[in-house]
Amino acid sequence: MSIKVDHIQKTYGTQIAVNNISFEIGKGEIVGFLGPNGAGKSTTMKMITGYLRPDSGSIHVCGIIVEGEAISTKRKIGYLPESNPLYAEMYVREYLEMMAGLHSLKTPTKRIEEVIGITGLLTEAHKEIGQLSKGYKQRVGLAAALLHDPEVLILDEPTTGLDPNQIIEIREVIRSLSKDKTILFSTHILQEVEALCDRVIVINKGIIVADKRIEELKQSSNTAKVRVSFREKIDQKALGQVGGISGIIKENDYDWLLETADPEALSKELLGFTLQHNLNIVSLQTQTRRLEDIFKELTAASN
């Protein structure tokens, strides 16, 4: 396993920031780390990178225990924190040269040019960091995290404050890196997770409330929604007599959103209903659950 978190806990005073959580991430996985503000995401990431020590439990990165082997594990990790620490008065290449020196790279010039190319910084590499847009500053931070060619990337809110075009650009960079690196990244933009990840870990109030592949998460609810449109006006009381409906949302006299535990069975019941009452269905479709809805349910359930 590239990352193994085993029953870690972190407390600040009387507040439990991370409460006895465990998870594993295999080599080559790209995993979204989700949770509301104050859920424990950044604290967990800082413990994985060795910037914070857990009060209890253990963390392994690429088979190396983080506590007591912080230097060895840092060589395996590239870390982009939420507050990207850059020197505004330095030039891009100058800053990367300084970071390469901290990593004691043997061929720094070659590697600097490689990460400039990987992160799309070539047109901006001659500028002072303070002159760059927020999107390019994020690229500089990502380039610095990649300099020593780490096996694991920890990215804390890498698209915060970016405009839609910049978000797409950073997304493409992350996707290209996932081919040969293990990536754990946190974000509040759930479309990013659906675009990049197969698996998500959801944390709330320091506790992991879900750790599943996205498709499994979408199928885990007890209810689904079926949208049906009729050619004729329908009375809600009559529609409520159809078997298998647990909830009805009226959009107008023709269009309805129905909650059910078994959408396939409900579809058959609706067809029987139309035949019995000489009605016509214009459209009938099961709605895919959105990650936003699942996130709200998970975090609300643990409040």
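Report the full-extension gain for the segment Ile281 to Thr109: residue separation times 0.36 nm, less the Cα-Cα distance, to one decimal in nm.
Length gained, Ile281 through Thr109: 55.3 nm.
In square nanometres, what is one fourth of the surface area of the convex hull spanned by the alpha carbons of region 222-288?
3.9 nm²
Report the longest stretch of the chain that contains none of the GluC sites (Glu not before Pro) sitting in a DSSP loop with at most 15 other Cβ atoms within 10 Å. Please report the intermediate quantities before stating the final value.
Values: sites that count: Glu67, Glu69, Glu82, Glu89, Glu232, Glu251.
Longest gap between qualifying sites, sites excluded: 90-231.
Let me make sure I get this right: for region 108-193, a, b and c are the square roots of the gyration tensor eigenvalues over alpha carbons, sorted descending. Under 1.5 in a/c it's rounded, otherwise prolate if a/b > b/c, else oblate. Which is it?
Oblate is the answer for region 108-193, as a/c is 1.5 or above yet b/c matches or exceeds a/b.
Quick one: go through region 257-276 and flag any residue whose amide nitrogen is under 17 Å from the point 7 Å out along the Cα-to-Cβ line of Gln241.
269-276
Report the calculated FRET efficiency for Met98 and Lys179 (r = Cβ-Cβ distance, R0 = 30 Å), to the nearest 0.05.
0.60
State which stretch of the chain is the longest one without any exposed trypsin sites (Lys or Arg not before Pro), exposure meaning a DSSP loop state and at most 16 other Cβ atoms within 10 Å.
Looking at the chain, 28-105 is the longest stretch - no exposed trypsin sites (Lys or Arg not before Pro) with at most 16 other Cβ atoms within 10 Å.
What nm distance separates the two modelled labels at Asn37 and Thr123, each placed 7 Å from Cα along Cα→Cβ?
Going from the Asn37 label point to the Thr123 one covers 3.4 nm.
Taking 7 Å along the Cα-to-C-beta vector as the label spot, tell me the Asp198-Ile71 distance in nanometres, rounded to one decimal.
About 3.7 nm separates the two model spin labels.
Would you mind working out the magnitude of the charge dipole of region 3-218 relative to its Cα centre, with +1 at each Lys and Arg C-beta and -1 at each Asp and Glu C-beta, to the nearest 20 Debye?
Here region 3-218 has a charge dipole of around 260 debye.
Of Gly272, Thr123, Ser72, which is farthest on the positive side of the dipole of the chain, counting Cα position, with +1 on Lys and Arg Cβ, -1 on Asp and Glu Cβ, and the Cα centre as origin?
Positive-end residue among those listed: Ser72.
Measure off 7 Å from each Cα along the Cα-to-Cβ vector at Asp262 and Glu82, then give the distance between these two points in nanometres to one decimal.
Computed distance between label sites Asp262 and Glu82 equals 4.5 nm.
Can you match P(r) over Cα pairs in 10 Å bins from 0, in percent to one of these, [x] 6, 30, 39, 22, 3, 0; [y] 6, 28, 36, 22, 8, 1, 0; [z] 6, 23, 25, 19, 12, 9, 5, 1, based on a calculation from the structure here?
It is the value labelled [z].
Only the coordinates and a few stated rules stand behind these numbers; no lab work does. The model shown is predicted, which means the values in this text are computed figures rather than measured ones. Here Cβ is always computed from backbone atoms with ideal geometry, including for glycine, and neighbour counts include all displayed protein chains.
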